[in-house]
Amino acid sequence: MGCCNSISGGDSSANRIVRWRSTGIVALRDSKLRAIPSEVLVVDSFVRTLDLTNNKINEVTPEISRLVNIQRLVLAGNLIESLPTTIGVLQSLKVLILDGNRVTNLPDELGSLYRLEKLSITGNSLTCLPKNIGDLCNLLLLNVSDNKLKSLPESIGGCVALEELQANGNFIEELPPSVCNLLHLKFLSLNNNTIRQLPQNLLKDCKALQNVSLHDNPISMDQFQQMKGFEEFEARRKKKYDKQIDSNVMMNSAGLDEGLDLR
């Protein structure tokens, strides 16, 4: 496996391994790495956090499966195009960050990460999400903004713990009806898509929903206000922020403005 001068020198491989075994934290940000160093895999079950942000890694080795106790895997700002199917072995993983890579698809094995609480994969080239993403029953946050998604899978309704869903900057035209099953959803952000309507029962069924952001979508204010449960939704929002809706809330031609951004 490749490494670079920035993690060698005075800090020997042996010293690093001892330190990583002791702390469980492997932090190699901005190290000009082109691959995951083999010495990281030597530490295997001791690793709890692996942060490889801002390197030049273009492939995640299948041997990542050796890190069986890892809880946080941060690979943001690299050149990664895909994940190995062995990612599904990481049953302790709670946080997976892949922002700013070149990922075009995610393996179905991702659905095996039943302890996963945060999945962020912004600024990639995803065209779809795994159909079994709904198996992530403990997922709290899903951020798939700035990809090439045209839709979200119907199975997303299985992410029953989900509190925050961000899918800004895609090509999404509508949401699957199953989003109405997300009873814990508090924050929904869909800016810069092509959404013309939302599931009619979204506001009615998602009784925890307090924030909706729909900038730069063709949906109209009238449509939003006429949805079932709109008044109750407004009451929740007002209660949360303890303030009145701005009296000059208006719609522009692109979508809902800041007043109905509902933040």
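Partner lysines whose Cα lies under 25 Å from the Cα of LYS118, excluding those fewer than 8 positions away in the same chain, are identified as LYS56, LYS94, LYS131, LYS148, LYS150, LYS186, LYS207, LYS240. In the chain, Rg over Rh equals 1.05, where Rg is the alpha-carbon radius of gyration and Rh the Kirkwood radius from pairwise Cα distances.
Taking amide H as placed 1.01 Å from N in the peptide plane, SER213 has its amide H under 5 Å from the amide H of LEU188, SER189, LEU190, each at least 5 places away in sequence or on another chain.
For a footprinting-style exposure proxy, rank LYS239, LYS207 by other Cβ within 10 Å, fewest first.
Working: LYS239 9, LYS207 13.
Going from least to most buried by this count: LYS239, LYS207.
Coupling constants for the stretch 47-59 follow from the phi torsions by the Karplus curve (6.51 cos²θ - 1.76 cosθ + 1.60, θ = phi - 60°), and in residue order they are 6, 9, 10, 10, 10, 10, 4, 6, 10, 10, 6, 10, 8 Hz; glycine and proline get x.
Each residue of the stretch 132-145 is assigned a 3J(HN,Hα), and the resulting list reads 9, 4, x, 6, 7, 6, 10, 5, 9, 9, 10, 10, 10, 5 Hz, derived from the Karplus form 6.51 cos²θ - 1.76 cosθ + 1.60 (θ = phi - 60°), x at Gly and Pro. Sorting ARG29, ARG237 by the number of Cβ atoms found within 10 Å of their own Cβ, with the fewest placed first, yields ARG29, ARG237.
Helix 230-241 and the longest principal axis of the C-alpha atoms of the chain enclose an angle of approximately 60°.
Read the figures in this text as sums done on the coordinates, not as results from a lab. As the structure is a prediction and not an experimental result, all values here were calculated from the model. Glycine gets a Cβ as well: all are built from the backbone with ideal geometry, and neighbour counts include every protein chain shown.
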